[in-house]
Amino acid sequence: MKKKYTVTDRLITKITGWISVIIVVALSIWGIFTLWGYYNYEQTNDAQVQEYVNPVISRAGGFIVAVKFDENQVVKKGDTLLIIDNREYVLQQEQTEASIRRSAAQLAVLESNIHTMEQTAKAAQAQITATKAKVWKQQLDYDRYQQLYKEESATKQQLENIQATLDVNTSDYQSAQDNYGAAVSRIEDIRAEKAVVSAEITRQRALLDRHKLDVTYTVITASYDGRMGRRTVEVGQMIDAGETLAFIVNNETDKWVVANYKETQVARMHIGDSVKVTADAYPGQEFKGTIISLSPATGSAFSLLPPDNSTGNYVKIVQRVPVRIRIDGDRKDIDVLKVGMNVNVSVPKHQRHG
């Protein structure tokens, strides 16, 4: 018995045939493009956007009195981000300034003492000259009277009187010399003390500079143009020096992609090669890039516990080599790429190298 097909069956068959043809054509085109891409490009989707994300760290401890930024806010270099209570640091600065003034006054007193002792030394030196002249004259008189006494032209009492005067003048001469020596010694002592005070002033000035730095550390500013990230502080919070308070993304440096290529894919890659980058977030937008470096080691070599193949349980696994790629183009155009975004990277295999 001959089977009859209805109009509906023929229509369904025809539609199914056309759908099959379309699917086959689409798969063929997709396959051709895929093979063409694999032939001309080294591709990987193991790649992420990178940028310098630096922590905002306090160099001084204390209570936060003001927070001048919000998360995701754009900031300029020098903008105030946080203010810490600086009263303790200002008091330390004032104490050091007072110590410097006290040491400076002490130094002035020592200068005055040196001047006084120099005048005393001059007086002692003049006294030495005067008493030396007296000793010289008295010695001449004693020599004459001694000769007269031998000739019996002078009495023993006269000779003794002259000798007593000579002894007194000699004693005065020695005393004047001792006074001069003591004055000179005291001047040297004061100068040594002055050197100690001068060194202390130098130390205190260095300490003052440190306290001034501490005061400036209580105002935390943006080190460069950027965008603020996560904020972890609030007004009234007590923080310690070295504590991370927020994160800032640096807008003054390039964006780059770290693409982890298989070791079998990097043979034809060179610094300066052009690269195509597409982001998962913007599949219809293509970005241009340039290879700026290839890692000196595979990613596993930099891990906390690198694999040790000598332990006897070796299994060969294709390693990946990080390739650093700078994103080219205007900053406004590439700002849509955020740190950590996944991207697909294609490096042409056939590039000319000079």
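Each residue in the stretch 134-175 was checked for being modelled with pLDDT under 80 and among the small types (Gly, Ala, Ser), and 2 of them qualify.
Conditions tested, residue by residue: (1) on the phi > 0 side of the Ramachandran plot; (2) loosely packed, with under 13 Cβ neighbours inside 10 Å; (3) charged (D, E, K, R); (4) not in a strand (DSSP E or B).
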residue: 42; (1), (2), (3), (4): no, no, yes, no
residue: 49; (1), (2), (3), (4): no, no, no, no
residue: 60; (1), (2), (3), (4): no, no, no, yes
residue: 66; (1), (2), (3), (4): no, yes, no, no
residue: 69; (1), (2), (3), (4): no, no, no, yes
residue: 77; (1), (2), (3), (4): no, yes, yes, yes
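With respect to (1) surrounded by 10 or more Cβ atoms within 10 Å (Cβ to Cβ); (2) free of Cβ contacts under 8 Å to residues at least 24 places away in the same chain; (3) not in a loop (DSSP other than H, G, I, E, B), the lone exception for residue 332 is condition (1).
Just need a number here: residues in the stretch 280-305 that are touching a His at 6+ places or on another chain (Cβ under 8 Å) and part of a loop (DSSP other than H, G, I, E, B). Before you say what the answer is, go through the steps one by one.
Taking the stretch 280-305 as the starting set, the residues that turn out to be touching a His at 6+ places or on another chain (Cβ under 8 Å) are 291.
With the extra rule that they be part of a loop (DSSP other than H, G, I, E, B), the set shrinks to none.
Residues meeting the conditions: 0.
Among the residues of the stretch 227-244, those identified as at pLDDT 90 or above and buried (at least 18 other Cβ atoms within 10 Å of the Cβ) are 227, 228, 239.
Restricting the first member to the stretch 266-290 and to residues that are on the phi > 0 side of the Ramachandran plot, and the second to residues that are in a loop (DSSP other than H, G, I, E, B), the beta-carbon pairs closer than 9 Å and six or more apart or on different chains are 272/351; 272/353; 272/354. The residues on offer are 118, 200, 111, and the sole one that is more than 45 Å from the chain's Cα centre (by Cα), in a helix (DSSP H, G or I), farther than 30 Å from residue 63 by Cβ and acidic (Asp, Glu) is 118.
Does the stretch 218-229 include one or more residues that are among the polar types (S, T, N, Q) and over 17 Å from the mean Cα position of the chain (by Cα)? No, that holds for no residue.
The residue that is nearest to the chain's Cα centre (by Cα), counting only those in the stretch 230-272 that are outside any loop (DSSP other than H, G, I, E, B) and closer than 30 Å to residue 92 by Cα, is 244.
Just one of the listed residues (234, 263) is closer than 30 Å to residue 79 by Cβ and acidic (Asp, Glu), and it is 234.
Residues checked against (1) surrounded by 14 or more Cβ atoms within 10 Å (Cβ to Cβ); (2) modelled with pLDDT of 90 or more:
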site: 254; (1), (2): yes, no
site: 260; (1), (2): yes, yes
site: 267; (1), (2): no, no
site: 277; (1), (2): yes, yes
site: 310; (1), (2): no, no
site: 324; (1), (2): yes, yes
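Taken together, 303, 293 contain a single residue that is closer than 21 Å to residue 345 by Cβ and polar (S, T, N, Q), which is 293.
The values are calculated or read from the model by the stated rules, or taken from the named source; none is laboratory data. Just so it is clear, the model here is predicted, and its values are computed rather than measured. Quick reminder, even Gly has a Cβ in these numbers, built from the backbone with ideal geometry, and neighbours come from all protein chains shown.
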